[in-house]
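The values are calculated or read from the model by the stated rules, or taken from the named source; none is laboratory data. Keep in mind it's a predicted model, so treat the numbers as computed, not measured. Every residue, glycine as well, gets a Cβ built from its backbone with ideal geometry; the counts of neighbours run over all protein chains shown.
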Amino acid sequence: MSLKKALRLEAFFHSQPRGEVFCVRYSPELDNAQARLVLVAPPLFEELNQCRSFVARLAERLALAGNVVLSPDYIGTGDSGGEFIDYNLQDWAASVHEFLKLIDENKAPISAVAVRGGALVLAEALRTSKFEIDELFLVEPVTNGRQHLSEFFRVRLARALFEGKPQSHEDLLDEMVRKGRVEVMGYPVSQELYRQICAANASTLGEVPTVHVLERNKPKIEPLETTFPFAVGRIERELFSVPAFWAMDIDVETDEIERSIARQFSAPGSVR
């Protein structure tokens with residue numbers, strides 16, 4: 001039997017206060033009342049598109065391991081309704097909150113996987129939520145919003161330099177004030193979105209009872225106690241030798257990370 005046939009995929013739109021949010025539900029072919037529900041918080045900006053293959057493969061593995069996975073697009077992005085310029089970090093966090101509420105209604109344990117900037121969205125959602133996550137996987141997490149935006153803006157600055165029209169970070173901020181937005185890689189970043197992301201910090205995610213941090217092996221790695229000073233439960237790190245797939249236009253091998261996460265979620269009798 002093909003592994004693909006051992007799972008079910010359902011694409012649907014979830015009606016939320018700010019609009020229609022597109023989501024794909026991955027589940028085992030056979031219903032399991034004890035199945036764990038897993039919410040995926042995808043990256044931000046162009047990294048969301050560059051991680052689509054990774055997220056889809058991971059969701060399939062988790063479903064084959066006996067879990068039910070919800071993989072949404074943030075409102076105003078991907079196949080969800082609305083225009084990017086009309087939404088901000090708090091809107092995306094509110095959307096994640098709606099999915100947490102949906103999971104809670106099923107009376108199932110809540111787990112989550114946050115990829116890159118999805119950590120910022122999830123942290124904001126949990127900050128204003130009564131829901132608790134039992135186990136969390138952070139894939140190369142972005143914990144500092146201001147730094148993340150600075151790196152994103154460098155793409156625009158590098159392009160301007162290549163075109164012989166050098167700009168500075170301050171030039172982009174001036175443009176944002178004049179026009180109400182600044183466009184980077186086709187994404188119009190509003191003043192409000194900029195303000196909210198700059199203020200965002202994912203360090204509070206350490207308060208989740210069990211946290212797994214999955215990162216690339218690189219020369220300088222911050223100690224976990226520095227990144228997550230509020231850790232109250234078990235927090236561990238696993239390092240991988242993979243390229244920066246979230247910043248690449250080509251699909252790259254991430255099997256090592258996918259298998260590690262799926263192994264933690266495996267249920268008795270699952271197909272792997």
Restricting to segment 74-87, and then to whatever is crowded, with 21+ Cβ neighbours inside 10 Å and not small (Gly, Ala, Ser), can you tell me which residue is farthest from VAL55 (Cα to Cα)? TYR87
Pair list, Cβ < 7 Å and 6+ apart or interchain, from segment 129-155 residues that are more than 19 Å from ASP104 (Cβ to Cβ) to residues that are of a type in the set (Gly, Ala, Ser) and surrounded by fewer than 18 Cβ atoms within 10 Å (Cβ to Cβ): THR143/SER203; GLY145/ALA199
If you check LEU161, LEU102, which single one turns out to be over 21 Å from the mean Cα position of the chain (by Cα) and surrounded by fewer than 23 Cβ atoms within 10 Å (Cβ to Cβ)? LEU161
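Residue by residue, here is whether (1) surrounded by fewer than 18 Cβ atoms within 10 Å (Cβ to Cβ); (2) outside any strand (DSSP E or B); (3) aliphatic (A, V, I, L, M) holds:
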{"site": "PHE13", "(1), (2), (3)": "yes, no, no"}
{"site": "CYS23", "(1), (2), (3)": "no, no, no"}
{"site": "TYR26", "(1), (2), (3)": "no, no, no"}
{"site": "LEU39", "(1), (2), (3)": "no, no, yes"}
{"site": "ASN49", "(1), (2), (3)": "yes, yes, no"}
{"site": "SER53", "(1), (2), (3)": "yes, yes, no"}
{"site": "LEU62", "(1), (2), (3)": "no, yes, yes"}
Check off (1) surrounded by 15 or more Cβ atoms within 10 Å (Cβ to Cβ); (2) touching an Asp or Glu at 6+ places or on another chain (Cβ under 9 Å) for GLY186 and give me the number that stays unchecked. (1)
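Quick check on PHE84: is it closer than 21 Å to PHE13 by Cβ and in contact (Cβ under 8 Å) with a residue 24 or more places away in the chain? Let's see the steps before the verdict.
Details: closer than 21 Å to PHE13 by Cβ: yes; in contact (Cβ under 8 Å) with a residue 24 or more places away in the chain: yes.
Considered against the rule, which asks whether it is closer than 21 Å to PHE13 by Cβ and in contact (Cβ under 8 Å) with a residue 24 or more places away in the chain, PHE84 comes out as yes.
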Among LEU100, LEU30, LEU70, the single one that is out of contact with any Ser or Thr (no Cβ under 7 Å at 6 or more places or on another chain) and closer than 29 Å to ARG195 by Cα is LEU70
Among the residues of segment 116-160, write down those that are part of a loop (DSSP other than H, G, I, E, B), over 21 Å from ASN217 (Cβ atoms) and hydrophobic (A, V, I, L, M, F, W, C). PHE131, ILE133
In the list LEU126, LEU172, LEU193, which residue meets the criterion of being under 30 Å from VAL232 (Cβ atoms) and surrounded by 15 or more Cβ atoms within 10 Å (Cβ to Cβ)? LEU126
Can you find even one residue in segment 36-45 that is farther than 27 Å from LEU214 by Cβ and either modelled with pLDDT of 95 or more or not acidic (Asp, Glu) (or both)? no
Could you grab the pairs with beta carbons closer than 7 Å, sequence gap of 6+ or different chains, first residue in segment 237-261 and touching a residue at least 24 places away in the same chain (Cβ under 8 Å), second one among the small types (Gly, Ala, Ser) and surrounded by 14 or more Cβ atoms within 10 Å (Cβ to Cβ)? GLU238/SER260; ASP251/SER53
Matching residues in segment 217-246 (in a strand (DSSP E or B) and closer than 24 Å to PHE54 by Cα) number 6
